Amino acid sequence: MDNEQARTIMTAHVRDTFGRVLELRDVSVVRKASGRSWRGELVCVTRHGDIPIGHLGVHEDGRIIESCTVDDLVEALIRTHPSMSKPPPAAHDAMDLFSDMDLSGPVSGPGLTVEFGDDVDGLLDGLDGGLDLRERIKALKDTGERSDLEACRDLLPQLLLEGETRRFTLVEMGEVELRLGNADLALQYLEAAAREFADRSEVRALELVASIALRVLGDASFADSPIKQLLDLSRRRLRPVEHLGQAPAFAGLGQDELEKIESLATQSTIDQGQVLLQEGAEAVRAYVVRSGILSIRLEAPDGGTRVVRCCFPGDLIGETSVLGKSGATCTATVRAECITSVWGFRGAELRELGKQMPLIPTRLEGARALHRLDSFFSMHETTQTLDARMRDRILSCVTGLRRCHANELLNTPGEIPPVVYLIAEGSVEYASEDAPTRTFGSDAWIGLRDALHGLATEGTFVSAEECLLVVFDPERLRSFAVEAPPDVVSVFQRLD
């Protein structure tokens, strides 16, 4: 399913439910632990403007998973009624909004003082100097003057908002700090850049960062540095795999079984920049990387795409073509970042083979669950700042999936949680003596905070309906929390 298909389903639902009272506005993709869904804004169009009513959601299988009711519509209209009955302010009254503010003095900001009455156009010209931001930074760096380098330091963070070039900006920030004599801060920027280069296995760029760090740290300190470890890791995981038995999805199978799988595989070479799978297109084929790098790109709510990780030799992608229902679509765009060799399979043929070899669908189901979780963590408002290595650490804590029926007890009151759950589908109710019952839905965590801090859970968690739960090992989660940097731990703890 793509945005247009989701919009069509939502529009039909709105028309059937509300007629023409409500209109569907922006529709964007949402990553959930159970897979992709789409969310659209519902508004009531009036002569006073659009009144937000709520949201409508549709799962990638076409189910409506979030909707508005007539009560929601009525409450929104009542809530906005006072402003609807009030005429808009006249143009000449606009400055009355600032009547309580003293505008007689100068207005100051970072490096900026403006007296009212100044020529604003002249001020902006003075700030821009007729150059865009990158040109201004380059011009300041080229002088080598300390004051200009300090100005660079202030300007460079603005470029961090450009996700596709952020890693190069971090290197530049490290370079500026080195020239200013701040080696410790420079190394922090270089390590952050190295992590992003390592996520994409951009080894040449990573080697450049490593050479800078080597000169700063010296041989002995560099040998134990995170940047050296990232470089070694990137070099190791780019080693080609020689046969399909080395791919985790097929590891441990017998020779006869591997020969059957190999008979279905076709080898091909993908040119740099070529798209192998397109998000929203029908899922037909699965692939195992033999050599090279494939990037995984997800549609962002703003309509663009972002790289969330890369696949390396031995990785499998396209499992939806094997496990999905007829007409299932690709959940991500996959592009070759260099000349890449792959083994390709028709999903239908692997599905048939899986009837003879149950281990294959089991392995692919596990891969799909991890890929969905990775997409969820990559796009979640709390965890999207984590790099791929940290997400891998969290994913390594997963021990399996659990399906439960309605009214199943999920914990023992008064005990430290022996497992931690992430709700992929369904809802769970928490009840305790001193608080009202709370309901947790998809993407909520069960027992995370208590498990991390070794606390007993006082109340009970009970499934309110049939649920699909992702099971995490609390000991591994605690080890992750102990070893991870403080900023990563802070992000992780905000999940619960």
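Read-outs: derived from the displayed coordinates by stated rules, not from any lab. From a predicted model like this one, the values you see are computed outputs, not experimental measurements. FYI the Cβ positions are ideal-geometry reconstructions off the backbone, even for glycines, and counts take in every protein chain you see.
What ranking of Lys325, Lys141, Lys32 emerges when the number of other C-beta atoms within 10 Å of each C-beta is taken as an exposure proxy, fewest first?
Numbers: Lys325 8, Lys141 18, Lys32 23.
Sorted ascending by nearby Cβ count, the order is Lys325, Lys141, Lys32.
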request  = DSSP loop (so not H, G, I, E, B), at most 12 other Cβ within 10 Å: list which GluC sites (Glu not before Pro) in the stretch 329-385 pass both filters.
outcome  = Glu381
key: Amide H partners (placed H, <5 Å) of Ala464, local residues excluded   = Asn407, Ser427, Val428, Glu429
inquiry  = Going Cα to Cα from Lys141, which lysines come in below 29 Å? Please leave out same-chain ones fewer than 8 positions away.
reply    = Lys228
query = Setting aside same-chain residues fewer than 8 positions from Lys138, which aspartates and glutamates have a Cα under 16 Å from its Cα?
reply = Asp128, Asp148, Glu150, Asp154, Glu172, Glu175, Glu177
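Got a sec? How would Phe168, Phe472 order by Cβ neighbour count within 10 Å, fewest to most? Before the final figure, lay out the partial values.
Details: Phe168 15, Phe472 26.
The order, fewest Cβ neighbours first, is Phe168, Phe472.
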remark   = The answer for Glu458, listing residues at least 5 apart or on another chain whose modeled amide H is closer than 5 Å to its amide H, is Gly414
ask   = Can you work out ³J(HN,Hα) from phi for every residue in the stretch 409-418, in order, using Karplus 6.51 cos²θ - 1.76 cosθ + 1.60 and θ = phi - 60°, giving whole Hz and x for Gly and Pro?
value = 7, 9, 8, 10, x, x, 10, 5, x, x
query = What does the charge add up to near Gly459, with Lys and Arg as +1, Asp and Glu as -1, over the other residues with Cβ less than 10 Å from its Cβ?
reply = -3
query = Under a point-charge model restricted to the Cβ atoms of Lys and Arg (+1) and Asp and Glu (-1), what is the dipole moment magnitude of the chain relative to its Cα centre, in debye to the nearest 20?
reply = 1860 debye
note = From DSSP H assignment alone, runs of 4+ in the chain each adding -39500 (n - 2.57), the sum over residues rounded to the nearest 500 puts [θ] at 222 nm at -12500 deg cm²/dmol
request  = Specify which labelled value, from (i) 64, 62, 53; (ii) 84, 68, 50; (iii) 61, 50, 50, agrees with Cα extents along the principal axes in Å derived from the coordinates of the model shown.
outcome  = (ii)
message = Can you bin every Cα-Cα distance in the stretch 396-493 into 10 Å intervals starting at zero and give me the percent of pairs per bin, rounded to whole numbers?
response = 17, 47, 31, 6
request  = Determine which aspartates and glutamates satisfy two conditions relative to Lys325: a Cα distance under 13 Å, and not lying fewer than 8 residues away in the same chain.
outcome  = Glu60, Asp61, Glu282
